[in-house]
Amino acid sequence: MKPVLFDFTDSQLADFITSMGQPKFRAKQIRDWLNRGAPDFQVMKNLPAALRDQLDGVAQTLPVRVVKKLQSGDNQTTKFLLELGDAEQIECVLMRTSYGNSVCVSSQAGCAMGCKFCASTLLGLKRNLTVNEIYSQILVAQWELRGDRFSDRPIRPNGDANNGDVSHIVVMGTGEPLQNTENVIGFIERANSDMGIGWRKITVSTCGIVPGIEKLTEWGRPINLAISLHAPTDELRSRIMPINNKYHLNNVLDAAFKFSDLHNRQLMIEYILLAVRGENGDAELLNCTPEYAEKLSDLLRGKNCMVNLIPWNAVDERDFMSPSGNAVHRFQDILIKNGIHTRIRRERGQDIGSACGQLRLNNKGKVN
Ligand code: SAH
């Protein structure tokens, strides 16, 4: 595999460039391009053409390479299929929204968690991503937004959506971030210091790894935490999320509220609405009956949280159904009646398989 210049320190980069017989200032020029997410050397217009060709032959810019780019019908969502140095593949998604440009990044290649409704875990876990592999995903998105159109402003983006920069990050791609906590923290620190993205514009979502949540609390940055809850009882939750056998629901919520209360932040609760096919082929509600709405309300009453309802997104290999619009609203109405803040998540990019739970390891599956 070719050396990845983005992974080099400044002095390593200078050595590399001077060993090619080039003056040192070229290293600085190249670094500027790397920090903007340059996908290859040909885009580096201020380098001589011969050097660009030479570099393309011996090195690569980022530790990820875009192998496929899919644009949603409304052009607001872009999904990237990325290849890593060892040929593993991951996905990341850029969403242009009314509040800014949000990037959904993956923290692992594959996932070990085995949630019954999700595509990401179908092939198991391949490996953790490095800090640079996670960070490169926002550079890919930044390049998509701005490319080389930087001449009129400083090279360092400042997390300003009005300027067309990445402004928000959600760690909700493939993988369980709190099984790779150290690198996820390293990535967030870097996104904050190098891209200027505020702590409060960054959200980490977890299926509920209690020691990982405690590590975030210790770390002490006021980011947003989201918990994939999906069921209000241990019995049902363990059926659809095996991790619940290890970390029970109440322990997960205790650890999560400790984190969010410390920062005076609202805890985000993610709740997929799942149905199963009944005997006559109709959708039979699984976790979103009125009874479960009452149980969920009992669990969360008086707590500082927001329930994000996510009607299940189709995954071919999974045998669930999405409940009817009526059932979704009935469930939400009960939460509202009980004083629980709630919202129905607007899914983005379903037509390109980039909605929640549709991200997967590679493009060999049917969804892509
Ligand atoms: N492993 C982390 C990060 C994934 S975030 C976590 O579990 O939180 C992606 C969110 O989408 C999670 O809440 C996940 O439970 C949810 N999800 C998974 N499959 C889904 C599907 N098919 N439809 C809707 N949401 C899904």
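The values are calculated or read from the model by the stated rules, or taken from the named source; none is laboratory data. Keep in mind the model is a prediction, meaning the values are calculated, not measured. Positions of Cβ are backbone-derived with ideal geometry, glycine not excepted, and every protein chain shown enters the neighbour counts.
Evaluate the following for Glu133: is it out of contact with any Cys (no Cβ under 8 Å at 6 or more places or on another chain) and crowded, with 24+ Cβ neighbours inside 10 Å?
yes
What is the one condition in (1) within 12 Å of the ligand (Cβ to nearest atom); (2) modelled with pLDDT under 95; (3) polar (S, T, N, Q) that Asn308 does not satisfy?
All conditions are met except number (2).
Could you run through segment 64-93 and say how many residues are away from the ligand (no atom under 16 Å from the Cβ), touching a helix residue (DSSP H, G or I) at 6+ places or on another chain (Cβ under 9 Å) and in a strand (DSSP E or B)?
Number of matching residues: 9.
Each row is one residue, and each column tells you yes or no for (1) acidic (Asp, Glu); (2) part of a helix (DSSP H, G or I); (3) touching a strand residue (DSSP E or B) at 6+ places or on another chain (Cβ under 6 Å).
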| position | (1), (2), (3) |
| --- | --- |
| Ile169 | no, no, yes |
| Gly175 | no, no, yes |
| Glu182 | yes, yes, no |
| Ile185 | no, yes, no |
| Glu189 | yes, yes, no |
| Arg200 | no, yes, no |
| Val204 | no, no, yes |
| Pro211 | no, yes, no |
| Lys215 | no, yes, no |
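Could you figure out which of (1) small (Gly, Ala, Ser); (2) touching an Asp or Glu at 6+ places or on another chain (Cβ under 9 Å); (3) under 30 Å from Arg360 (Cβ atoms); (4) more than 15 Å from the ligand (Cβ to nearest atom) isn't true of Ala293?
(3)
Please tell me if Glu279 is surrounded by fewer than 19 Cβ atoms within 10 Å (Cβ to Cβ), free of Cβ contacts under 8 Å to residues at least 24 places away in the same chain and either of a type in the set (Ser, Thr, Tyr) or away from the ligand (no atom under 16 Å from the Cβ) (or both).
Yes; evaluated as a whole, the condition is true for this residue.
Got a sec? Which of Gln54, Gln29, Gln12 is without any contact (Cβ under 8 Å) to a residue 60 or more places away in the chain, in a helix (DSSP H, G or I), surrounded by fewer than 19 Cβ atoms within 10 Å (Cβ to Cβ) and touching a Phe, Trp or Tyr at 6+ places or on another chain (Cβ under 9 Å)?
Being without any contact (Cβ under 8 Å) to a residue 60 or more places away in the chain, in a helix (DSSP H, G or I), surrounded by fewer than 19 Cβ atoms within 10 Å (Cβ to Cβ) and touching a Phe, Trp or Tyr at 6+ places or on another chain (Cβ under 9 Å) holds for just one of Gln54, Gln29, Gln12, which is Gln54.
Checking the conditions here, which among Ser19, Ser98 is closer than 22 Å to Asp351 by Cα, small (Gly, Ala, Ser) and surrounded by fewer than 13 Cβ atoms within 10 Å (Cβ to Cβ)?
Just a single option satisfies the conditions, and that option is Ser98.
Keeping to segment 290-299, report how many residues are closer than 15 Å to Asp333 by Cα, surrounded by fewer than 21 Cβ atoms within 10 Å (Cβ to Cβ) and in contact (Cβ under 8 Å) with a residue 40 or more places away in the chain.
Of the residues in that region, 6 qualify.
From the list Arg190, Arg239, Arg221, pick out the single residue that is within 16 Å of the ligand (Cβ to nearest atom), out of contact with any Asp or Glu (no Cβ under 6 Å at 6 or more places or on another chain), modelled with pLDDT of 95 or more and among the basic types (Lys, Arg).
Result: Arg239 is the single residue among Arg190, Arg239, Arg221 that is within 16 Å of the ligand (Cβ to nearest atom), out of contact with any Asp or Glu (no Cβ under 6 Å at 6 or more places or on another chain), modelled with pLDDT of 95 or more and among the basic types (Lys, Arg).
Go through Leu249, Leu262 for me and flag whichever is within 16 Å of the ligand (Cβ to nearest atom), touching a residue at least 12 places away in the same chain (Cβ under 8 Å) and touching a helix residue (DSSP H, G or I) at 6+ places or on another chain (Cβ under 9 Å).
Checking each option against the conditions leaves just Leu249.
Every residue in segment 282-327 that is assigned to a helix (DSSP H, G or I) and closer than 20 Å to Lys116 by Cβ, please.
Result: Tyr292, Lys295, Leu296, Ala327.
In the list Gly349, Gly325, Gly302, which residue meets the criterion of being within 28 Å of the chain's Cα centre (by Cα), loosely packed, with under 13 Cβ neighbours inside 10 Å and more than 11 Å from the ligand (Cβ to nearest atom)?
When all the criteria are applied, what remains is Gly325.
Collect the residues in segment 233-267 that are aromatic (Phe, Trp, Tyr), in a helix (DSSP H, G or I) and in contact with a Gly (Cβ under 7 Å, 6 or more places away or on another chain), keeping them in residue-number order.
none
Of the conditions (1) buried (at least 16 other Cβ atoms within 10 Å of the Cβ); (2) within 16 Å of the ligand (Cβ to nearest atom); (3) more than 30 Å from Glu279 (Cα to Cα), Arg343 fails just one. Which one is it?
Only one criterion is unmet by Arg343, namely (1).
Quick check on Val184: is it within 10 Å of the ligand (Cβ to nearest atom) and closer than 30 Å to Arg31 by Cα?
Answer is no for this residue.
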